[in-house]
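Visitor: I am attaching a structure below and will ask some questions about it afterwards.
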Amino acid sequence: MSAQDSPNSPSNPTKLVKLNLADHLRAEIIEGRLVPGERIPEGKWAARFDVAQASVREAIHILTDEGFVTKQAGRSARVTSFNKDDVGQLYAVRAVLEGLAARIVAHQGRDLAPLQEAADGMVASVDAGDLDRLLDWDMAFHLRLCELADNPILLDHVRRILIPLFAFVRMRAHATGQGANAWARDLPSHQQIINLLRDRQPAAAEQYVQGAIARYSEMAFAVWENQLPAAMRKKTAVHKLLNGSSPEGA
């Protein structure tokens with residue numbers, strides 16, 4: 001029997017093994033069975049699902065691109081993990097970069113339809129109580145804002161911040177039972193960003209985006225580690241004890 005046909009594999013006939021493995025590992029992460037900072041040894045998961053180690057490696061690459069996993073050469077992949085200081089610094093840099101993007105877009109005048117689509121998608125997701133879809137649209141809004149600035153260097157830096165940060169927020173939101181309604185208060189600010197861009201007010205748009213992101217950081221801290229369910233806090237503590245507090249170990 002091939003690895004792909006194994007009954008213990010998370011694969012199915014209509015999807016590639018690596019995509020099914022990525023789906024399974026992503027669920028393990030989002031549902032808290034793999035905690036932030038925990039190693040993801042390729043050999044262990046290959047044996048568990050009776051698949052080739054190369055398939056696990058490809059799945060890890062997918063999750064790295066999605067921000068759920070970090071990987072350094074010669075080391076095992078780890079679940080993305082930020083400490084409280086990291087999160088504060090990431091939001092501070094976000095505010096500067098996205099504020100600059102807003103200034104550029106407002107000055108140049110751009111088709112704002114992609115931003116409006118994302119803002120409307122956020123509203124619809126809150127109405128439907130769909131947290132994952134909401135976070136997809138939320139990240140899309142901020143990435144699209146920076147794409148509209150037409151500055152590849154700015155966009156590259158924003159992507160390096162937003163993709164793992166949103167993955168981490170998603171993990172924390174699920175772990176703490178946050179629902180889509182928790183983001184409802186931030187919906188008007190996204191529409192106001194569009195309004196300022198449409199009115200071609202560069203300075204006002206930059207200032208407003210910076211202030212809005214400072215407010216968004218409050219949500220990030222609201223889903224911080226000390227609000228995790230007790231079972232997950234215990235697993236995280238045990239993991240740190242066994243593996244050390246640094247995420248850089250092999």
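Visitor: When a footprinting reagent is the concern and you count Cβ atoms within 10 Å, what order do R159, R94 take, fewest first? All intermediate terms of the calculation are to be shown ahead of the outcome.
Guide: Values: R159 15, R94 22.
So the ranking, lowest neighbour count to highest, is R159, R94.
Visitor: Still on this structure, please answer the following. In nm, give the distance between the simple-model label positions of D65 and A27, each being 7 Å from the Cα along the Cα-to-Cβ direction.
Guide: The modelled label-to-label distance comes out at 2.1 nm.
Visitor: Hey, can you rank 35-42, 69-76 by average C-beta count inside 10 Å, highest first? Spell out each step's value before the answer.
Guide: Details: 35-42: 19.5, 69-76: 13.5.
Going from most to least packed, we get 35-42, 69-76.
Visitor: Taking the Cα-to-Cβ direction at D50 and at A204 and moving 7 Å from each Cα, how far apart do the two end points lie in nm?
Guide: It is 6.5 nm.
No value in this document is a laboratory result; all are computed from the given coordinates. As the structure is a computational prediction, the values presented were derived from the model and not from experiment. All Cβ positions, glycine included, derive from the backbone under ideal geometry; neighbour counts span all protein chains shown.
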